Amino acid sequence: KGKFMFKLNFKKLLPIALTGAMFFVSTMDNFAYAKTRIKCAVVAPKGSTWMNILEEWDKDLKSKTNGGLSFKFYSSGSMGDEKQVLRKMRQGQLDAGAFTGVGLGEIVSEVRLMELPFMFDSANEVDYVLDNMESTFNKKFEEKGYVNLGWAETGFVYIFTNKPIKNVYDMKGVKMWMWEGDELVQAIFKDLNLVPTPLNLTDVLTSLQTRLIDGVYGPPLGAMALQWTSKVKYMVAQKMGYATGAILISKKTYDSLDPTDRKALNETAKVYSQKLTRSVRADNEKAKLSIKNNGIIFTEAAPATVSMMKSVSSKVADGLVGKLYSRDLLQKVRSLKQKAR
């Protein structure tokens, strides 16, 4: 009778056991192929060079991880300005962001060394200095809880206005935009005796339309992508500075990734950040031609004005020592620039 009872109970338990085993296998299978999406905010609009290449990167990353890792992009500044994006990353609402130098400087102020006015004359100088400074910057990012996936520059900066600018006196009365909270630009405007209008990046187009401002600065491609060039009449032909950028991911998210997926992320990030830089440089040149063909007048600043502005910029760079960076780092960047030349 005891044997019979054992057999009877086993027959009843067998379907339950099999169901449990199948559920376990199914659960482990789903776990093994769990999909991770990196929520990434981007200021650039859909269809821009930046977004097109980021979307290419996403497709390649999906392919190399069999769909295990991908991006969810929030473009066109839909997640707010860069300070808001950083706050959302700290709160865990976002995992990553594509930042300009202003946003990067909120985390590691030393990055603004790359954006000092008149510091660089060519892309070769930028590349040489950045190659030598990259490990220093990246170490500081990690200390603050972020990983730099790759540099993604916006390009050399020009001034766009609704009145011709040929000398510093022409700047008088021009209501120039300044990125709100940008200590670097604020120092420059102060030394040039200009009164800026501080605004978030997302408010610039509306402010041009309503004439709250009548002057902006930025790379040609960015100015076109953000539609600023549809609201201005002139562009100063001289490069005023360089604008860097990078794609950061929170270290917490980065460290939580599957090692194989993390390796694929690193490898593809290197490929597409380099592709992005090449494409942005080429498209900035095309954008200048397009801007000119669309009727914006290029003006040349007088040599004396350029000389004066370079002198002011050098003074500003020295004045920001101890605020944004150390004297040693400033000297290192200046020395590297000279070696590049």
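Size of the dipole of the chain about the Cα centre, Lys and Arg at +1 and Asp and Glu at -1 on the beta carbon, nothing else charged, in debye to 20? List each step's numbers first, then the result.
Values: 50 positive and 35 negative charges, 246 e Å.
With Lys and Arg at +1 and Asp and Glu at -1, about 1180 debye.
Expected output is a single nm value to one decimal: the length gained when fully extending between residue 127 and residue 66, i.e. 0.36 nm times separation in residues minus the C-alpha distance. What is it? It would help to have the intermediate numbers written out before the result.
Working: separation 61, 0.36 × 61 = 21.96 nm, distance 3.38 nm.
Roughly 18.6 nm would be gained on extension.
Once fully extended, how much extra length lies between residue 203 and residue 183, figured as 0.36 nm per residue of separation less the alpha-carbon to alpha-carbon distance?
Values: separation 20, 0.36 × 20 = 7.20 nm, distance 1.86 nm.
Full extension from residue 203 to residue 183 adds 5.3 nm.
Tell me, what is the 1.4 Å probe accessible area of residue 232, in Å² to the nearest 10?
10
Could you tell me which helices of the chain pass both thresholds, a Cα extent of 30 Å or more along their own axis and a mean Kyte-Doolittle hydropathy of at least 0.5, with helices taken as whole DSSP H runs?
Numbers: long enough: 2-32 (43 Å, 0.68); 259-293 (49 Å, -1.17).
Within the chain the helices that satisfy the rule are 2-32.
Which residue, 208, 221, 249, has the largest displacement toward the positive end of the dipole of segment 194-262 when charges sit on each Cβ (Lys, Arg +1; Asp, Glu -1)?
So the residue furthest toward the plus end is 208.
Calculate, for residue 167 and residue 293, the FRET efficiency according to 1/(1 + (r/R0)^6) with r their C-beta to C-beta distance and R0 25 Å; round to the nearest 0.05.
Working: r = 27 Å, r/R0 = 1.06.
Once the sixth-power term is evaluated, E becomes 0.40.
Could I have the simple spin-label model distance between residue 52 and residue 251, label points 7 Å from Cα toward Cβ, reported in nm to one decimal?
Using points 7 Å along Cα→Cβ, the separation is 3.7 nm.
Which FRET efficiency value, to the nearest 0.05, do you get for residue 262 and residue 87 by plugging their Cβ-Cβ distance into 1/(1 + (r/R0)^6) with R0 = 25 Å?
Details: r = 25 Å, r/R0 = 1.00.
About 0.50, to the nearest 0.05.
For segment 197-330, with only Lys/Arg (+1) and Asp/Glu (-1) charged at the beta-carbon, what is the dipole magnitude about the Cα centre, in debye rounded to 20? Don't skip to the answer; put the middle values down first.
Working: 19 positive and 11 negative charges, 39 e Å.
So the magnitude is around 180 debye.
Just the Kirkwood number for segment 115-255, please: inverse of mean 1/r across all distinct Cα pairs, in Å, one decimal.
Details: mean 1/r = 0.0603 Å⁻¹.
After inverting the mean inverse Cα-Cα distance, the result is 16.6 Å.
Along the Cα-to-C-beta direction of residue 329, a point sits 7 Å from the Cα; which residues of segment 89-122 have their amide N less than 15 Å from that point?
101-116
I'd like to know which of 306, 100, 291 lies farthest towards the positive end of the charge dipole of the chain, counting +1 on Cβ of Lys and Arg and -1 on Cβ of Asp and Glu.
Highest projection toward the positive end goes to 100.
In straight Cα distance, which lysines are under 16 Å from residue 275, not counting same-chain residues fewer than 8 positions off?
Counting by Cα, and skipping residues close in sequence, residue 275 has these lysines nearby: 59.
Could you pull out which residues in segment 215-235 have an amide N less than 14 Å from a spot 7 Å beyond the Cα of residue 192, following the Cα-Cβ vector?
So the set is 215-219, 235.
Considering all alpha-carbon pairs of segment 99-179, what whole percent are spaced by more than 23 angstrom?
Working: 1148 of 3240 pairs.
Of all Cα-Cα distances in segment 99-179, 35 percent exceed 23 Å.
When Rg and Dmax of the Cα atoms in Å is calculated directly from the model, which label among (i) 18.2, 54; (ii) 25.7, 111; (iii) 21.6, 68 fits?
The listed entry that was calculated here is (ii).
Based on Cβ point charges of +1 for Lys and Arg and -1 for Asp and Glu, what charge dipole magnitude is obtained for segment 240-293 about its Cα centre, in debye rounded to the nearest 20? Write down the numbers at each step before the final one.
Details: 11 positive and 6 negative charges, 53 e Å.
Charge dipole, segment 240-293, about its Cα centre: 260 debye, nearest 20.
Report for the chain the percent antiparallel among DSSP-assigned beta bridges with both residues inside it, nearest 5.
Taking every DSSP beta bridge within the chain, about 50 percent pair in antiparallel fashion.
How big is the gap, in Å, between the Cα center of segment 209-264 and the Cα center of segment 81-113?
12
The values are calculated or read from the model by the stated rules, or taken from the named source; none is laboratory data. Worth saying up front: this structure is predicted, and the values here are computed from it rather than measured. Counting neighbours? That spans all protein chains shown, and the Cβs are built from the backbone with ideal geometry, glycine included. Just so you know, the surface numbers come from the protein's heavy atoms only, side chains and all, with ligands and any DNA or RNA stripped out. Shrake-Rupley method; radii C 1.70, N 1.55, O 1.52, S 1.80 Å.
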